[in-house]
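For reference, the structure discussed in these notes is given below.
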């Protein structure tokens with residue numbers, strides 16, 4: 001018995017030593033992760049862009065953790081599918097904060113998904129960056145909201161400002177304009193800005209109506225616009241609307257002098273592949289394209305990683321639109337946490353207000369209402385598209401940046417039908 005008792009004591013001591021050795025050997029990275037929570041559109045009509053943004057964010061997570069994390073802690077993204085449905089958003093963020101106990105929250109993608117979340121963020125006094133929301137904070141004026149979208153300090157008109165600058169530089173100058181918008185947060189906000197731009201340009205507005213966001217047949221909308229014979233046709237549309245509108249414009253034979261403006265979705269490769277040559281002549285907004293004028297530090301390295309994984313992840317194969325921006329979006333938090341040396345949200349918000357962020361999408365500074373201090377929105381025109389093949393969309397062969405001038409790579413083909 002005495003021998004057995006001694007043996008048991010030795011085993012207990014050995015076990016305790018093993019645990020101590022294991023604890024001493026544990027890496028510093030074994031600390032609790034910094035949990036960053038958000039909703040993202042992984043199904044529904046916003047999913048092509050949401051899934052691309054998420055892959056960009058996941059690549060950032062891996063890059064940061066490979067370098068040892070932030071302030072001695074690993075980072076962990078905690079996210080849920082918002083289904084492209086605004087009604088899911090408040091519940092998702094309540095779960096992230098109350099059940100998952102995340103350290104920080106971020107907005108999902110798109111105006112319509114950020115609008116239901118910003119009120120909750122303000123109520124909880126949470127730092128709240130948002131990805132590609134237009135004018136989300138214009139009414140609320142929340143001092144901890146920061147918009148990752150290059151519209152600048154006056155976002156509603158900024159969305160179409162380069163479009164109007166290019167249009168009004170043509171000879172002969174266009175005289176009339178139509179405005180058709182989805183009757184939802186984004187469509188109304190951007191159309192309001194386009195209306196202001198049209199009036200400032202001295203254009204006569206001959207059509208100005210919204211359509212239900214549940215619309216699936218766009219031929220009646222295009223025919224109603226066509227009946228007013230505008231020189232410029234501006235559409236403020238969501239992704240599936242944009243595809244339907246482009247198809248209807250072609251099928252009906254609608255030929256204004258310039259058409260496009262604020263059509264979400266045409267930037268995504270999946271829709272470019274669907275539409276192919278039907279895109280020729282469309283003049284629309286962009287936020288980044290692979291032009292030499294926009295080769296910011298780190299962007300090509302990111303795209304190499306993204307494109308190598310895009311097939312397996314079943315996301316946009318190129319990643320130019322939301323993949324790049326997803327990565328740059330979380331670079332903001334990375335630099336704020338490092339710069340403020342904390343996850344304290346008051347201090348992080350102070351850092352956001354004062355810092356210049358260095359991202360793969362260029363330098364970013366925040367000002368009034370959490371918007372960028374300067375606009376960097378683009379207008380591009382598609383041309384020379386001959387098929388539905390992916391390779392023609394990899395570079396700049398089938399699109400020109402028309403403005404702003406410092407980024408321009410070509411001139412507008414005018415009128416629109418000459419590019420067909």
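For residue 388, the conditions (1) touching a helix residue (DSSP H, G or I) at 6+ places or on another chain (Cβ under 9 Å); (2) in the same structural domain as residue 410 (by TED's automatic domain parsing); (3) within 24 Å of residue 59 (Cβ to Cβ) are fulfilled apart from (3). When residue 141 is tested against (1) surrounded by fewer than 21 Cβ atoms within 10 Å (Cβ to Cβ); (2) assigned to a loop (DSSP other than H, G, I, E, B); (3) without any contact (Cβ under 8 Å) to a residue 40 or more places away in the chain, just one condition goes unmet, and that condition is (3).
Quick grid of which residues meet (1) surrounded by 19 or more Cβ atoms within 10 Å (Cβ to Cβ); (2) farther than 19 Å from residue 391 by Cβ; (3) in the same structural domain as residue 161 (by TED's automatic domain parsing):
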| residue | (1), (2), (3) |
| --- | --- |
| 223 | no, yes, yes |
| 234 | yes, yes, yes |
| 237 | yes, yes, yes |
| 253 | no, yes, yes |
| 329 | yes, yes, no |
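Only a single criterion out of (1) touching a helix residue (DSSP H, G or I) at 6+ places or on another chain (Cβ under 9 Å); (2) in contact (Cβ under 8 Å) with a residue 12 or more places away in the chain is not satisfied by residue 173, namely (2). What number of residues within segment 144-169 are assigned to a loop (DSSP other than H, G, I, E, B) and out of contact with any strand residue (DSSP E or B) (no Cβ under 8 Å at 6 or more places or on another chain)? Looking only at that region, the number is 3. Within the set 210, 228, the sole residue that is touching a strand residue (DSSP E or B) at 6+ places or on another chain (Cβ under 8 Å), in a loop (DSSP other than H, G, I, E, B) and in the same structural domain as residue 183 (by TED's automatic domain parsing) turns out to be 228.
So residue 300 passes all but one of these: (1) more than 20 Å from residue 414 (Cα to Cα); (2) touching a residue at least 40 places away in the same chain (Cβ under 8 Å); (3) surrounded by fewer than 20 Cβ atoms within 10 Å (Cβ to Cβ). Which condition number does it fail? It is condition (2) that residue 300 fails. Residue-level analysis places residue 307 outside the set of residues that are free of Cβ contacts under 8 Å to residues at least 40 places away in the same chain, over 17 Å from the mean Cα position of the chain (by Cα) and buried (at least 19 other Cβ atoms within 10 Å of the Cβ).
If you filter segment 255-277 down to residues that are over 22 Å from the mean Cα position of the chain (by Cα) and more than 24 Å from residue 111 (Cβ to Cβ), you find that the one that is surrounded by the most Cβ atoms within 10 Å (Cβ to Cβ) is 258. At least 2 residues being more than 20 Å from residue 400 (Cβ to Cβ) is the threshold, and among the strands (runs of 3 or more DSSP E) wholly inside segment 262-373 those reaching it are 357-359, 362-364. Checking 196, 217 one by one, the residue that is surrounded by fewer than 17 Cβ atoms within 10 Å (Cβ to Cβ), assigned by TED's automatic domain parsing to the domain that holds residue 412, over 27 Å from residue 410 (Cα atoms) and modelled with pLDDT of 95 or more is 217 and no other.
Considering (1) buried (at least 17 other Cβ atoms within 10 Å of the Cβ); (2) in contact (Cβ under 8 Å) with a residue 40 or more places away in the chain, say which one residue 248 fails and leave the rest. The failed condition is (2).
The values are calculated or read from the model by the stated rules, or taken from the named source; none is laboratory data. Just so it is clear, the model here is predicted, and its values are computed rather than measured. So basically every Cβ, Gly included, is an ideal-geometry build from the backbone, and we count neighbours across all protein chains shown.
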